Amino acid sequence: MNVLGIIASGVAALFITVVLAKGVRRTALRSGAGREPGARRSRTGVVRRLGGAPVVVGVGTAAAAGWGLGAAGGSGRAVTAVLTGAAIVAGLGLVHDVRPLGVPLRMAVQTAAATLAVCLAGLPPVAGVLAVIWIVLVTNAVALLGTCDGVLATVGAVTAAGLLACAALDGRWGLALLPAVLLAGLLGFLLHNWRPARIRPGACGSLFTGFVLAASGALIHAAAPPERAAWAALPVLATVALADTALVLASRLRASRPLLRGADDHITHRLRRVRVTVPGTAVVLGLWAGVPVAVGALVYAGVLHPVLALVPPVASAPAVLALLRIPAYLPPPGPAPRRPANGPAVPPASRGAASRGAASRSGTSASTAPAGAEPARTAAGRPTVPPPPTGRPAVKVTADRR
């Protein structure tokens, strides 16, 4: 009954997510909510503020229905704990999408949600503290992957599949309920989030996905039998998300930039700078996540030695160092050089100098230059103001900057 209930819950999550995502997209296109302030209307109708709601509602409704039908089995308390904490962080993300919140407030709410989930699940104190730290860390790491179309849904679906496999190996179908419905919900969301994206997850969907993955992994780890190397297998599943976080922190420390201020310095941004397409970026990160997930599942099953769980993180370190060499903080582009009718292009900064030099060589000034000639310019490329015809010097006028 548990297996059939989990399959039915997954199908329900897929159906609900697809239908709601399509409805959100149509509603946003009709109301104009898909446009960013000051941006032009686009065909894709990307909805940043409402994109994560279909995933939250679809996964939450299907998981709650499966729990009500007995699919959670003896793990109903754990499922309730994860859903409660995930609902809190999803609400936090929805508020942040509408009105950005400060980092301290967001971290406090996430810590409270993780603590509540751990307490409801009944974990012992030491394991509970470690679980809270792990949940907050992985939740934010996964949420940072939502910077490119299809990446968060792809990596999240691959990770959920690994957690589902680990729970199924021990026959703990109750703990497999949440990864199963999340996997189905992300696949349904990916239909509208693939390039060109119709909707995007926003903070609501990103934080919800990260919290469910992190909390499910912590509970599977706590319930694993002693012969399982869960301590080595399950952390490997978050290799890509943690690698992206490490890359961002190292890059900002290296450039002496604020650690908590957003910038285009994630893995997705750097791959785009080296001409990797948006779908190609999602595929690359999906394959990158697939290797640690496969290794972690095999280590959890006892097929591979626990030491081999170190291979994905160690192999990811050279990739992070290589990505660190790709420039991320490029200066803003300057004005394009102006090309005269005859002759090479002259940069804006040198136009004034060239005009003044030509005037001095010919013995004329800007005020006595013939009609139609190019006026003299300052070093900034702006035309100079000729003196008044009376011969008195021009009065310099300045404006206060407030």
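Just so it is clear, none of the values below were taken in a lab; they were calculated from the coordinates. Remember, it's a predicted structure, so these values are computed and weren't measured experimentally. A quick note on method: Cβ atoms are made from the backbone with ideal geometry, for glycine too, and the neighbour counts reach across all protein chains shown.
Observations, loosely collected:
- Long-range tail of P(r) for region 138-204 (Cα pairs > 18 Å, %): 39
- Region 138-254, relative contact order in percent, only Cα pairs under 8 angstrom and at least six apart counted: 40
- When the alpha carbon gyration tensor of region 87-245 is reduced to an equivalent ellipsoid, its three semi-axes come out at 25, 20, 13 angstrom, largest first.
- For region 163-244, the equivalent ellipsoid derived from the Cα gyration tensor has semi-axes of 27, 14, 10 Å, listed largest first.
- Based on alpha-carbon atoms, the Kirkwood radius and the radius of gyration of region 89-179 give Rg/Rh equal to 1.00.
- Sorted ascending by nearby beta carbons within 10 Å, beginning with the fewest, ARG99, ARG272, ARG200 become ARG99, ARG272, ARG200.
- Taking the charge dipole of region 176-294 about its Cα centre, with +1 at Lys and Arg Cβ atoms and -1 at Asp and Glu Cβ atoms, the residue from LEU237, ALA214, ILE267 reaching farthest to the positive side is ILE267.
- Rounded FRET efficiency, nearest 0.05, which uses the C-beta distance separating ALA263 from VAL3 and R0 of 51 Å: 0.65
- Seen from all directions on average, region 190-341 presents a Cα convex hull projection of 12.9 nm².
- Projecting the Cα atoms of VAL248, ALA328, VAL283 onto the charge dipole of region 195-329, computed from C-beta unit charges around the Cα centre, puts ALA328 farthest toward the positive end.
- More than 17 angstrom apart: percent of Cα pairs within region 228-304: 56
- Here is the size of region 118-160 from its Cα atoms: Rg then Dmax, 13.4, 39 Å.
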